[in-house]
Amino acid sequence: MASSASLQRFLPPSAHAASSTSSRRRPGRARAAVSVPSPAPAAGEVPAERLEPRVEQREGGYWVLKEKYRTGLNPQEKVKLEKEPMGLFMEGGIKDLAKIPMEEIDAAKLTKDDVDVRLKWLGLFHRRKHQYGRFMMRLKLPNGVTTSEQTRYLASVIEAYGADGCADVTTRQNWQIRGVTLPDVPAILDGLRAVGLTSLQSGMDNVRNPVGNPLAGIDPDEIVDTRPYTNLLSSYITNNSQGNPTITNLPRKWNVCVIGTHDLYEHPHINDLAYMPAAKDGKFGFNLLVGGFISPKRWGEALPLDAWVPGDDIIPVCKAILEAYRDLGNRGNRQKTRMMWLIDELGMEVFRSEVEKRMPNGVLERAAPEDLIDKKWERRDYLGVHPQKQEGLSYVGLHVPVGRLQAADMFELARLADEYGTGELRLTVEQNIVLPNVRNERIDALLAEPLLRERLSPQPSLLLKGLVACTGNQFCGQAIIETKARALQVTREVEKRVTVPRPVRMHWTGCPNSCGQVQVADIGFMGCLTKDSDGNICEAADIFVGGRVGSDSHLADVYKKAVPCKDLVPVVADLLVERFGAVPREREEDEE
């Protein structure tokens with residue numbers, strides 16, 4: 001992939017070398033791109049004053065709301081106005097904050113907001129409700145690619161926190177570590193930098209981890225290696241881990257992915273921006289989908305922007321879309337500030353024109369008539385042993401039960417990556433891990449390792465292999481119910497009642513924020529509270545059914561509301577029989 005002059009203008013110097021990486025275009029059956037119009041006003045119906053940018057740049061490169069737009073703001077916007085969150089990193093404020101005892105921090109609103117809100121710009125989330133003084137730290141890990149060295153470092157961090165420390169593989173293909181205390185943060189940030197990691201801009205109103213094909217570069221059937229693109233995106237988003245203040249004040253979070261396979265492992269339909277491989281005039285590039293999101297009150301699939309960019313111009317269009325969202329997005333009701341709300345308000349064509357105005361040369365090409373995704377492709381299972389495109393090598397997909405790992409697991413994973421592979425691990429959006437580059441003659445020895453036999457099976461059961469769960473109320477203050485342990489318990493109890501003929505993807509989320517992405521699952525469980533048969537308040541779940549991933553993607557609908565968690569097992573077993581072809585198991589009389 002040759003870097004264009006326009007691309008280099010938006011990247012720090014050290015990112016230029018990465019952009020010269022060659023990307024292979026692999027053949028795929030071309031299919032017509034779907035075009036779904038967004039119901040909204042025509043171009044002439046949007047008042048000119050509505051298209052005036054609502055933000056302005058200040059000293060230090062930060063962008064803030066103009067005075068005349070500071071009415072009706074949500075609380076998070078007010079916190080940003082009081083103090084620039086990225087200053088905690090870019091101006092060294094974290095070093096001073098880390099020296100202050102929590103009691104003193106809580107005594108002043110400014111520092112309390114630092115801890116509870118602004119530190120999220122550094123990837124730090126205070127667990128005030130369940131683990132006062134402890135933080136979850138979310139990493140940036142473009143394309144889910146990590147190394148044994150990085151894994152060992154993260155394991156060493158959580159190991160120091162004993163029972164409070166653990167790690168999760170997230171649905172954004174990255175790591176979260178738990179148990180962190182504030183005085184340790186400056187040293188941890190230095191340690192991350194030393195192993196090539198960063199936690200910057202991974203939370204709140206920022207661009208989340210760029211997602212790509214977990215099998216990039218090793219997949220015999222890939223369309224394009226997504227790693228160079230996701231690396232470029234991450235470099236731009238964080239300014240090479242130095243902080244990028246031009247895009248740290250978005251109206252809400254923003255997700256991006258690059259599609260590299262017909263399997264659509266990257267879930268483009270729920271991303272704010274998805275790059276879909278497409279050829280135009282004999283040149284490789286991407287058609288763009290925009291506006292996909294999941295939120296408590298509404299969820300919607302990404303729509304075509306009617307735009308195509310060459311493969312070496314992914315950064316300018318990302319920058320233009322982010323700036324249009326930053327400049328024009330609403331900042332009132334927090335439930336109506338995702339980018340799709342702006343697209344609905346302006347209409348897709350007006351939104352597109354605002355993106356085009358922000359392109360380097362003021363031009364945005366119309367979409368290629370066909371993309372390179374085979375719409376009839378049967379989605380492959382990456383768990384287990386599979387041959388790579390490199391002769392003599394295989395990758396091994398490992399199931400991580402609900403994404404949770406302890407320090408000992410991570411140390412062992414790092415050892416296995418070094419001993420059997422090339423020191424590399426891949427994380428997936430289904431909270432699993434792929435170990436690539438294993439020589440075929442070493443496969444049997446790897447499969448015999450205790451970690452794979454006892455904890456991270458390459459061949460889990462058909463129901464366990466598609467199980468995803470958010471953090472739940474064990475750690476998260478927003479979660480209404482416990483999710484991870486319950487997801488495993490319910491699944492194992494259901495497996496005693498029925499046998500399924502194929503994998504069924506079941507996702508659990510502890511609250512309506514849907515970090516567990518229940519709307520993309522075959523069966524989804526969203527935490528809530530209800531009254532049981534005795535009239536007592538108990539933990540419950542709304543059940544969603546019908547989510548699909550892949551070329552025929554569809555978001556799930558509510559099937560049944562407020563089912564007490566203690567009653568879920570028979571309800572799920574019956575649902576699997578009715579909708580998914582499950583067969584009741586014969587139970588022995590003494591079986592409990």
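The values are calculated or read from the model by the stated rules, or taken from the named source; none is laboratory data. Fair warning: this is a prediction, and the values are worked out from it, not measured in the lab. For neighbour counting, all protein chains shown are included, and Cβ atoms are generated from backbone atoms with ideal geometry for every residue, glycine included. Just the protein is used for accessible areas: all its heavy atoms, side chains included, with ligands, DNA and RNA removed. Shrake-Rupley method; radii C 1.70, N 1.55, O 1.52, S 1.80 Å.
For Leu288, what accessible area in Å² do you get when you roll a 1.4 Å probe over the heavy atoms of the protein chains, rounding to the nearest 10?
Per-residue accessible area (Leu288): approximately 0 Å².
On average, how much accessible surface per residue is there in the stretch 338-446, in Å², for a 1.4 Å probe, leaving out ligands, DNA and RNA?
The answer is 38 Å² per residue.
Given a 1.4 Å probe and heavy atoms of the protein chains only, how would you sort Ser148, Ser461, largest accessible area at the top? The partial results should precede the final answer.
Details: Ser148 10, Ser461 40 Å².
If we order Ser148, Ser461 from most to least accessible, we get Ser461, Ser148.
Using modelled backbone amide H atoms (1.01 Å from N, in-plane), which distant-in-sequence or interchain residues come within less than 5 Å of Gln474's amide H?
Thr483
Once the dipole of the stretch 51-357 is set up with Lys and Arg at +1 and Asp and Glu at -1 on Cβ about the Cα centre, which of Ala279, Cys318, Gly291 lies farthest towards its positive end?
Gly291
Looking at Val385, Pro85, Val563, which one has the Cα that reaches farthest to the positive end of the dipole of the chain (charges on Cβ: Lys, Arg +1; Asp, Glu -1)?
Result: Pro85, furthest along the dipole toward the positive end.
I'd like the antiparallel share, as a percent to the nearest 5, of DSSP beta bridges with both residues in the chain.
Numbers: 66 of 78 bridges.
The antiparallel proportion sits near 85 percent.
Go through the chain and flag any cysteine with no other cysteine's C-beta closer than 4.7 Å, please.
Cys166, Cys257, Cys318, Cys476, Cys511, Cys528, Cys538, Cys565
Ordering Lys566, Lys112, Lys280 by how much accessible area each has at a 1.4 Å probe, largest first, what is the list?
Numbers: Lys566 130, Lys112 70, Lys280 40 Å².
Largest to smallest exposure gives the sequence Lys566, Lys112, Lys280.
Measure off, as a whole percent, the carbon and sulfur share of the 1.4 Å-probe accessible area of the stretch 419-466, all protein chains present.
Working: 890 of 1920 Å².
Looking at the stretch 419-466 in its full context, I get 47 percent from C and S.
How much of the accessible area of the stretch 51-357, in percent, comes from carbon and sulfur atoms when a 1.4 Å probe is used?
Details: 4600 of 9200 Å².
So the carbon and sulfur contribution to the accessible surface is 50 percent.
For Cys515, what accessible area in Å² do you get when you roll a 1.4 Å probe over the heavy atoms of the protein chains, rounding to the nearest 10?
About 80 Å², rounded to the nearest 10.
Give a quick list of GluC sites (Glu not before Pro) in the stretch 358-423 that DSSP marks as loop, anything other than H, G, I, E or B, with at most 14 other Cβ atoms within 10 Å.
On the way: sites: Glu365, Glu370, Glu378, Glu391, Glu412, Glu419; in loops: Glu365, Glu378, Glu391.
For GluC sites (Glu not before Pro) across the stretch 358-423 that sit outside H, G, I, E and B with at most 14 neighbouring Cβ atoms in 10 Å, the list reads Glu378, Glu391.
Under 21 Å Cα-Cα from Lys112, which lysines qualify once same-chain neighbours fewer than 8 residues away are excluded?
Of all the lysines, those that pass the test against Lys112 - Cα under 21 Å, at least 8 places apart if same chain - are Lys78, Lys80, Lys83, Lys95, Lys99, Lys120, Lys129.
Let's see if you can work this out: charge +1 on each Lys and Arg Cβ, -1 on each Asp and Glu Cβ, no other charges. What is the dipole magnitude of the chain about its Cα centre, in debye to the nearest 20? Before the final figure, lay out each step's value.
On the way: 77 positive and 79 negative charges, 217 e Å.
So the dipole magnitude of the chain works out to roughly 1040 debye.
Give the residue from Asn432, Leu197, Val256 lying farthest towards the positive end of the charge dipole for the chain; charges sit on Cβ (+1 for Lys and Arg, -1 for Asp and Glu) and the dipole is referred to the Cα centre.
Projecting each Cα onto the dipole axis, the largest value belongs to Val256.
Report, ordered by chain and residue number, the lysines lying within cross-link reach of Lys496, taken as a straight Cα distance under 20 Å and ignoring same-chain residues fewer than 8 apart.
By straight Cα distance, Lys496 reaches Lys465, Lys484, Lys566.
Counting Lys and Arg as +1 and Asp and Glu as -1, each charge on the Cβ, what is the dipole of the stretch 465-584 about the Cα centre in debye, to the nearest 20?
Numbers: 14 positive and 13 negative charges, 63 e Å.
Dipole magnitude for the stretch 465-584 comes out near 300 debye.
Distance from the Cα centre of the stretch 333-388 to that of the stretch 126-176, in angstrom?
30
I need the trypsin sites (Lys or Arg not before Pro) found in the stretch 297-357, filtered to DSSP loop residues with at most 10 other beta carbons within 10 Å of theirs.
Details: sites: Lys297, Arg298, Lys319, Arg326, Arg331, Arg334, Lys336, Arg338, Arg352, Lys357; in loops: Lys297, Arg298, Arg331, Arg338.
Sites meeting the loop and neighbour criteria: Lys297.
Hey, how many Å between the Cα centroid of the stretch 454-514 and the Cα centroid of the stretch 72-98?
Computed from Cα coordinates, the inter-centre distance equals 36 Å.
What's the local net charge at Lys484, with K and R +1, D and E -1, over the other residues with C-beta under 11 Å away? Before the final figure, lay out the partial values.
Numbers: positive: Arg404, Arg486; negative: Asp168, Glu482.
Around Lys484, the surrounding residues sum to 0.
From the protein chains alone at 1.4 Å, what is the descending order of accessible area for Phe411, Phe89, Phe351, largest first?
Working: Phe411 70, Phe89 40, Phe351 0 Å².
Greatest to least solvent exposure: Phe411, Phe89, Phe351.
At 222 nm, what helix-only mean residue ellipticity would the chain give, in deg cm²/dmol to the nearest 500, using -39500 (n - 2.57) for each DSSP H run of four or more? Each step should come with its number before you reach the end.
Working: 18 runs with 157 residues, N = 592.
Rounded to the nearest 500, the figure is -7500 deg cm²/dmol.
When a/c is below 1.5 the answer is rounded, else prolate if a/b is larger than b/c, else oblate, so apply that to the stretch 465-584 with a ≥ b ≥ c taken from the square roots of the Cα gyration tensor eigenvalues. Don't jump to the answer; show the numbers that get you there.
Numbers: a/c = 1.66, a/b = 1.22, b/c = 1.36.
Since a/c reaches 1.5 but b/c is at least a/b, the shape of the stretch 465-584 is classed as oblate.
Near Lys66, which aspartates and glutamates are there with a Cα under 17 Å away, not counting those fewer than 8 places off in the same chain?
Glu49, Glu52, Glu56, Glu77, Glu82, Glu84, Glu323, Asp327
Let me cross-check Cys476: its accessible surface, 1.4 Å probe, with only protein heavy atoms counted, in Å² to the nearest 10?
Approximately 30 Å² for this residue.
At 1.4 Å probe radius, can you tell me the per residue accessible area of the stretch 465-584 in Å²? Walk me through the numbers before you get to the answer.
Working: 4660 Å² over 120 residues.
Here the per-residue accessible area is 39 Å².
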